[in-house]
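Report on the following structure.
The values are calculated or read from the model by the stated rules, or taken from the named source; none is laboratory data. None of the values given here were measured: they were computed from a predicted structure. Neighbour counts run over all protein chains shown; Cβ positions are idealised from the backbone, glycine included.
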Amino acid sequence: MDLKPVIVIHGGAWAIPDHLAECSKIGVKNAAKCGYSVLVNRGSSMQAVESAVRVLEDDISFDAGHGAVLNADGDVELDAVIMDGKNLAAGSVSCIKNISNPITFARTVLEKTSHTMLTGKGADAYAEKMNIARVSRDELVTEHAIQEWEQYHKYKQSVTNLFNTEKVHDTVGAVAIDCQGNVSCATSTGGITNKMVGRVGDSPIIGCGGYADNHVGAVSTTGHGESIMKVTLARLVLFYMEQGETPQKAADQALEYMINRVHGRGGLVVVSKNGQWAARFTTKRMAWASIQDGVLTFGLNPDEIFQESLDNFS
């Protein structure tokens, strides 16, 4: 029997400023609609999460693809992961350059290689071999990213201290379940401003930035990458669900554990094998959106939830 498809999106858990609040909400809503259109046309959850994250990578409001922040050398290094819950197949890329849609490259790694992760120069060389579209650094970099990078250098601010104040952009991601009951996750990021060259956060790491397993569900995380890695946040959520917790309770328990154990904050979206979902965070804000049964649900602030009926979806 067919399941009702579900998609859940996040646009990063951080202290989203007021001037980015509306465009962040619009961005995640657009991504959710794009992914859901794949699902209602009986497309796979893999295609849905990839399509949704591509929308976010193309939106300069977010720290992924075209909105990516700059590292210590003033360059862009991108990370992404995608995972198929049906067979636990995963593709991941890290520290890649000149690619506007890292999530599509990550899926290429999943489908075209015998490896799970490619990084740095080797990944860039493989992208050229596979004719992955390349773009200039200037196409990916926004004026806001440049100004933010210059401010860090002017005041010699600490990356770690600033990140823990939740004042920097963060990751985007999606989870979905399709009509066949297959779950998938996708996560993409440009990292943190002024990060060390070669720094890799949680986003491309299986079990940290994302995880998908048809036996349990799928998760995409966002927040303080080093903290997320230490507690393997995505897999921790699914562990709690395996113990019988609902997606919301499992998410809250995992996020609380990360605060108590390593003093890290973040957020996540999760969908269960039965189509239950949650979007939870411990930062000041997280833009998120979901669609189920043709109803768009979204939010930005804690305990703030809105709904819209989508007449153009069946």
For the range 238-298, please list each of the strands (runs of 3 or more DSSP E) lying entirely inside it that holds at least 3 residues being β-branched (Val, Ile, Thr). 266-272
Only one of (1) surrounded by 19 or more Cβ atoms within 10 Å (Cβ to Cβ); (2) closer than 18 Å to Thr142 by Cβ fails for Ala21. Which number is that? (1)
Where residues in the range 35-74 are surrounded by 22 or more Cβ atoms within 10 Å (Cβ to Cβ) and of a type in the set (S, T, N, Q), which of them is farthest from Asn182 (Cα to Cα)? Asn71
Taking the options Ser92, Ser100, name whichever one is touching a Ser or Thr at 6+ places or on another chain (Cβ under 8 Å) and of a type in the set (Ser, Thr, Tyr). Ser92
Filter result for Gly91 (in contact with a strand residue (DSSP E or B) (Cβ under 9 Å, 6 or more places away or on another chain), at pLDDT below 95 and closer than 19 Å to Ile205 by Cβ): no
Filter result for the condition that a residue is farther than 26 Å from Leu20 by Cβ, out of contact with any strand residue (DSSP E or B) (no Cβ under 9 Å at 6 or more places or on another chain) and surrounded by fewer than 19 Cβ atoms within 10 Å (Cβ to Cβ), over Glu242, Glu226: Glu242
Checked against (1) under 25 Å from Val141 (Cβ atoms); (2) of a type outside the set (D, E, K, R); (3) surrounded by 24 or more Cβ atoms within 10 Å (Cβ to Cβ), Gly210 satisfies every condition except (1)
Does Ala80 qualify as being crowded, with 24+ Cβ neighbours inside 10 Å and either modelled with pLDDT under 95 or out of contact with any Asp or Glu (no Cβ under 9 Å at 6 or more places or on another chain) (or both)? no
Among (1) within 25 Å of Gln307 (Cβ to Cβ); (2) assigned to a loop (DSSP other than H, G, I, E, B) - the single one Leu39 does not satisfy: (2)
So Val109, is it free of Cβ contacts under 8 Å to residues at least 24 places away in the same chain, more than 26 Å from Asp2 (Cβ to Cβ), hydrophobic (A, V, I, L, M, F, W, C) and in contact with a strand residue (DSSP E or B) (Cβ under 7 Å, 6 or more places away or on another chain): yes
When (1) over 20 Å from Ile7 (Cβ atoms); (2) not in a loop (DSSP other than H, G, I, E, B) are applied to Ser220, the one that fails is (1)
Failed condition for Ile228, given (1) out of contact with any Phe, Trp or Tyr (no Cβ under 9 Å at 6 or more places or on another chain); (2) part of a strand (DSSP E or B); (3) β-branched (Val, Ile, Thr), with all others met? (2)
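Checking the structure you have, find out if any residue of the range 87-94 is of a type in the set (A, V, I, L, M, F, W, C), surrounded by fewer than 21 Cβ atoms within 10 Å (Cβ to Cβ), without any contact (Cβ under 8 Å) to a residue 24 or more places away in the chain and part of a strand (DSSP E or B).
Yes: one or more hits.
Residues that are part of a loop (DSSP other than H, G, I, E, B) and touching a residue at least 24 places away in the same chain (Cβ under 8 Å): does the range 14-33 have at least one?
yes
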